[in-house]
Every structure is written in structure tokens, then in C-alpha cells.
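J.: Let me give you the structure first, and then I'll get to my questions.
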Amino acid sequence: MSEKSDSSERLSFRSQFAKEGVNGMLKRLEEMPSEWTIIQLTRAVDPNEYFSIRQPNYSPKLKDFFLTRFPCGTELLKKNSPVCVKLSWPEDATGDLIQSFLNIKEKLGQRKGTSAHIQKIRNEASSDVERLCREIGPMCFKEWSCLVLGKLMNKALEDEIREAVDKRIGNADISIRQRYMCYLIGEGSCHLENGDIEVALYQVFDGNESLAINVLECLIRIKETLESRLHVAARHPVLLVLDDHFDNVSWECTPLLKRHPVSRVFSLHVAHALFTSHKDHIKGGLREINENEVCYYVVNPDGNLPSVEEHIPKFFRKRFPQWIGIIGKKPTEEELIKALTESNTYVYCGHGSGSQYIASERIQRLKVKPLQMLFGCSSVALKDLGGHTEMYGDVMEFAIACSGCTLGMLWPVTCYDTDRITMVLANISLPGTPVDINTFEEIQGKTKKEPELLRAMRQVRECVNLFSNGAALIARGIPIKLVIIIELITLSLR
């Protein structure tokens, strides 16, 4: 068995960072890669909730919530500062955002009735997911949509915007945070109406109307001249920290984020602990994995998913003949421990997360390899236990065991689309010659590869028949990049 994870001290509030409070948090942000942006969404607490026992899968009505943006990196924090804004879900909205997604998850898990009835419910639920994803930006974030976006990868474009803002602000006596928020409004102006920019600036420069009007003219000009470039501009990863039931929402498929790399982490402190564990392999904000190494798979261990067993093994054998795994039978705990600790990538295709075959306490004691892909219904979802307890999921065990990233499904999905997601993602991001997912013949000619897993997921979400199946695909952990590492042996000639 592999050694115990060494991140337990960093995950504990007894650590030195935790003792230092806010300064400890800022130190953690400084240590993490400057490419990362951590976005935290926290629901405002209603004191009345403390006097009632909440039932499982029921969320109190969403009213106010907070969006906090944490920039990372030593140099970044010298010029920028964490910012927090208060937002609210419209009272006149047709439904509550959180409860709507809880209802959708229930519909997608429906197994009673005729096939036609079940399919109709799934189609309706999928349409609801698509509609809500479209509405989240204008209804949730409004004028602060710009705060959700990652850092621009095009440094020249970023500098052009910031220099224009600095020139317009001149020698005005404003804080680092106010200046930073002006930068972010300019960099995200393609997602804002002119009225949104005006509202945002009046909040930034509360009481200084003349400065707000002055900067408004500059930001509108930036929007008019750079809008097309900003719409297609690549951005660095966003790590989402989501409060309780916010985790049920498919934030990754909103118009704001669907083009960009997004992952979820359980807290800022967990993000830092994972960074600490993997920092020797992180370059440019990406945890690199040697894609030449053999991977391990478990396919249809319960033996009751015939379509999965028909397609996935054929694909794996053709696409990755060097891979090893188990098909159509239940793995032992020892086989799974070996898979999780010796194979850089572990792929599971079956019911749930596969944790039914290994005790969670055993996973916690492992030092698992950096990537797990769990293609099963609700494989990385968090369970709502009701009462005052926090939501919990099997995927947390992998984080405790220092997994770099665990990819999986947020709610119940269908076999056909899940098979397509599995094969298309493997074709795009993993080594070797891609094969046709229908005929399993090699695809001739060049195929565009995407070694960054979070960016590859964006393309994969578009290969499905039901929108909800693509929207279910999420990643938990730090950004991953699959690279070819060639070991060079130097011969000493005498």
C-alpha cells in the first residue's frame, strides 16, 4: 500500500496557516499559481434556519448570496486584492434556483413508469437545465458577471485594458481594490450591457460620481473596441468553491464559463493543500501527468450494463492496447488500491462512483495517483443528509488522499451519452491515434488534441444528445495537463 497522504496537516485548522487567520489565508493565496483564480459563492444565512430541522434535498429559499474573488500568486496580490460583492436571486423569478436543480436531479433519477414516460421526464429535465444555465448570468450575477471570469491568458490584451484604465483614473486617490475592480469590469465588458457597467462603477466609487462617469466613458470605449477579441479570448482556470446546495448547479455550462477551464474545490484551504502536494509537478498553473504511462480501468463491474460492456472495452482495446483493467466483474479492494496508487489515470465505467467496492477509510489512508475519471451516475455528487450537517460525497475521500483531480457526473446520466463522453474525452486528451467511436477504426489524418483536461471537457460536453448529460460532467480538484515525458539516458563514453 502506498504511503499515507502528507496533506492532513494542511487540511487541519491546527496548522500554522489557520492560526494566522486572514494573514494565513493571504499567504496561501500568495503561494498558489498566479494563473489560478478562486471564486467562492456563499449563501447568506437566515437565522431562522437554526431553529428548524431541514429535510434532505430541500434548500431554504435563495435570497442573498456573496461572490468572493481571490486572485492568486505573489506578484498578483501586490497589485490586486480579494473582492466580495453581495448579490440576490430575483424575487419575481419563476422558480428558486437551488430548488429547481434539486427537482431536476430527482427527475433525472426517475426509474418508474414506461420507457416513453421516463424519456419524456428526462427530456423535460434536460430542457430545464439548459434554460437555467442561460438565465444564471443575467439573473444571478448581473453587473458583476465580470468577477466570475478567469484571468486573461493574452498578457498584451490585459495590459492594453489596464493601461487605458490607469490613464483615465490618473492620480485619483482610490484603493487597490477599487482599481482592480475597474480592471475586471473592462476585461469582462463583453458580457455586460452599458447600463451594467454604469451600475457597477457607481458601487465601486460610492460617493464619487464624477470619477464614476469619467471611468465609465473609458470602459464603454474598451467594450466597443475590444468586444470581439474579449469574447474569444482564452482565460486561465477558475476554481469554484461552492456553498452547500450551490454545488447542485451546473455553473460550468453557463454562457459566462462554458468556453473556459473550470474546476471545483471544497475550500480555499483544500486548494492550497492540493497545490502543496503536487507543486513539484505544476507548471504554468497545470498539474502535469505523464501520458505515456499505463492506465487502469474498471468497466461494468455489476454486469448489468450490456451497452457499456459492448462499446467501452472495444474502444479501450483498440485505442489503448497497453491499458489493463477489469471487465464485467467486481474488483477486489486490493485490485482497486493497486489501480489508484500505481496508475496515473484510473477510469471507472459503471454504477455510481465505484466506491461501493472499497471502504472509504481505506481510500483516505492512500496516496492516490493524480487523476480519476468516474463515469457513473452522480459519481462526484454530494449527498444532502438534511438537518444541520454539511453535504458529503465519496469524491471527498479522493481529495483527502491527495488526488489532483477527480472527474465525474453531478447527477444521473444515460448510458449512451456517457459512453460517448468517455470515448470522445479519451480521443481528445489522451495519447495515441484517435479511433472512430462507432466503428472503432483508426481516424486517418490529423485530429486536434487538447491536453488540458478542463478545456477538453468543454468540447466533450457538446457531443451528447441530452444537454443534461453534458452539463453533469464536472471536475473536482486542480487543473490537469497530459504531457509526454521522455526520459533521457545519458551515456558516459570513456
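J.: Over 27 Å between Cα atoms: which of LYS283/LYS329; LYS155/LYS481; LYS112/LYS318; LYS151/LYS338; LYS283/LYS314 fall into that group? Mind dumping the intermediate values first?
T.: Working: LYS283/LYS329 39 Å; LYS155/LYS481 21 Å; LYS112/LYS318 37 Å; LYS151/LYS338 38 Å; LYS283/LYS314 35 Å.
Checking Cα-Cα distances, LYS283/LYS329; LYS112/LYS318; LYS151/LYS338; LYS283/LYS314 exceed 27 Å.
J.: Let me ask something else. What number do you get for segment 277-350 when its Cα radius of gyration is normalised by 2.2 N^0.38 Å, N = residues? Display every interim value, and only then the final one.
T.: Working: Rg = 14.3 Å, N = 74, 2.2 N^0.38 = 11.3 Å.
The value comes to 1.26.
J.: Can I ask one more? Please state the relative contact order of the chain as a whole percent: Cα pairs under 8 Å, 6+ residues apart? Write out the running numbers ahead of the final one.
T.: On the way: 909 pairs, mean separation 85.1, N = 494.
Relative contact order for the chain comes out at 17 percent.
J.: Could you work out [θ]222 nm for the chain from helices alone, using -39500 (n - 2.57) per DSSP H run of at least four and dividing by all its residues? Round to the nearest 500 deg cm²/dmol.
T.: Mean residue ellipticity at 222 nm (helix-derived): -12000 deg cm²/dmol.
J.: If you don't mind, another one. Compute the distribution of all C-alpha to C-alpha distances in segment 326-452, in bins of 5 Å from 0, and list the percent of pairs in each, rounded to whole numbers.
T.: For segment 326-452, the pair-distance distribution reads 2, 10, 18, 21, 19, 15, 9, 4, 2, 1, 0, 0.
J.: Say a paramagnetic label sat at a point 7 Å from the Cα of THR114, along Cα to Cβ; which residues of segment 289-325 have their backbone N under 11 Å from it?
T.: In segment 289-325, the label zone of THR114 (backbone N under 11 Å from the point 7 Å along Cα→Cβ) covers no residue.
J.: Can you pull the one-decimal nm distance between simple spin-label points at MET153 and SER267, each 7 Å off the Cα toward Cβ?
T.: Rounded to a tenth, the inter-label distance reads 3.2 nm.
J.: Longest segment of the chain with no GluC sites (Glu not before Pro) in a DSSP loop having at most 16 other Cβ atoms within 10 Å? Before the final figure, lay out each step's value.
T.: Details: sites that count: GLU3, GLU20, GLU91, GLU193, GLU293, GLU390, GLU441, GLU487.
Counting only loop sites that pass the neighbour cut-off, the longest clear stretch is 92-192.
J.: With Cβ to Cβ distances under 12 Å as the rule, what net charge do the other residues near VAL435 carry (K, R +1; D, E -1)?
T.: On the way: positive: LYS314, ARG317, LYS318, ARG319; negative: ASP436, GLU441, GLU442.
Here the count lands on +1.
J.: So I have (i) 24.0, 87; (ii) 23.4, 82; (iii) 31.6, 108, and one of them is Rg and Dmax of the Cα atoms in Å calculated from this model. Which one is it?
T.: Looking at Rg and Dmax of the Cα atoms in Å for this model, the match is (ii).
J.: Can you give the accessible area per residue of the chain, in Å², using a 1.4 Å probe?
T.: Numbers: 22510 Å² over 494 residues.
Accessible surface, normalised per residue, equals 46 Å².
J.: Using r as the Cβ-Cβ distance of VAL483 and LYS19, and R0 as 45 Å, what FRET efficiency do you calculate, to the nearest 0.05?
T.: Working: r = 37 Å, r/R0 = 0.83.
Computed FRET efficiency for VAL483 and LYS19: 0.75.
J.: Over segment 188-227, calculate the relative contact order: mean separation of alpha carbon pairs under 8 Å at least 6 apart, over the residue count, as a percent. Mind dumping the intermediate values first?
T.: Numbers: 25 pairs, mean separation 20.0, N = 40.
Answer for segment 188-227 is 50 percent.
J.: Okay, next question. Full-extension gain between THR439 and VAL45, please, as 0.36 nm times their residue separation minus the C-alpha to C-alpha distance. Could the numbers behind the result be given before it?
T.: On the way: separation 394, 0.36 × 394 = 141.84 nm, distance 5.35 nm.
Once the chain is fully extended between THR439 and VAL45, it gains 136.5 nm.
J.: Can you give me the Cα centroid spacing of segment 93-147 and segment 449-474 in angstrom?
T.: Computed from Cα coordinates, the inter-centre distance equals 18 Å.
J.: Shifting gears a bit: Using Cα-Cα distances under 8 Å and only pairs 6 or more residues apart, what relative contact order does segment 320-441 have, in percent?
T.: Working: 171 pairs, mean separation 26.8, N = 122.
Answer for segment 320-441 is 22 percent.
J.: For segment 286-384, run through the trypsin sites (Lys or Arg not before Pro) and keep only the ones in DSSP coil with at most 15 other Cβ atoms within 10 Å of their Cβ. Mind dumping the intermediate values first?
T.: On the way: sites: ARG287, LYS314, ARG317, LYS318, ARG319, LYS329, LYS338, ARG362, ARG365, LYS367, LYS383; in loops: LYS329, ARG365, LYS367.
Hits after loop and neighbour filter: LYS329.
J.: If you stretched the chain out fully between THR332 and MET139, how much longer would it get, using 0.36 nm times the residue separation minus the C-alpha to C-alpha distance?
T.: Working: separation 193, 0.36 × 193 = 69.48 nm, distance 4.81 nm.
This chain segment gains 64.7 nm when fully extended.
J.: Could you report the accessible area of TYR416 in Å², rounded to 10, computed with a 1.4 Å probe on the protein chains as they sit in the structure?
T.: Probe radius 1.4 Å; accessible area of TYR416 about 130 Å².
J.: Based on the Kirkwood radius over alpha-carbon pairs, what is the Stokes-Einstein translational diffusion coefficient of segment 26-127 at 20 °C with 1.002 mPa s viscosity, in µm²/s?
T.: Roughly 124 µm²/s, to the nearest whole number.
J.: Right, something else. So between LYS61 and ASN465, what do we pick up on full extension, going 0.36 nm a residue minus the alpha carbon distance?
T.: Details: separation 404, 0.36 × 404 = 145.44 nm, distance 3.19 nm.
Taking LYS61 through ASN465 to full extension adds about 142.2 nm, to one decimal.
J.: What part of the accessible area of the chain, given as a whole %, is carbon or sulfur when the probe is 1.4 angstrom?
T.: Numbers: 11320 of 22510 Å².
Its accessible area is 50 percent carbon and sulfur atoms.
The values are calculated or read from the model by the stated rules, or taken from the named source; none is laboratory data. Since the structure is predicted, the reported quantities are computational estimates derived from the model, not experimental observations. Heads up, the Cβs are rebuilt from the backbone with ideal geometry, glycines too, and the neighbour counts pull from every protein chain shown. Remember, those area values only see protein heavy atoms, side chains included, never the ligands or the DNA or RNA. Shrake-Rupley method; radii C 1.70, N 1.55, O 1.52, S 1.80 Å.
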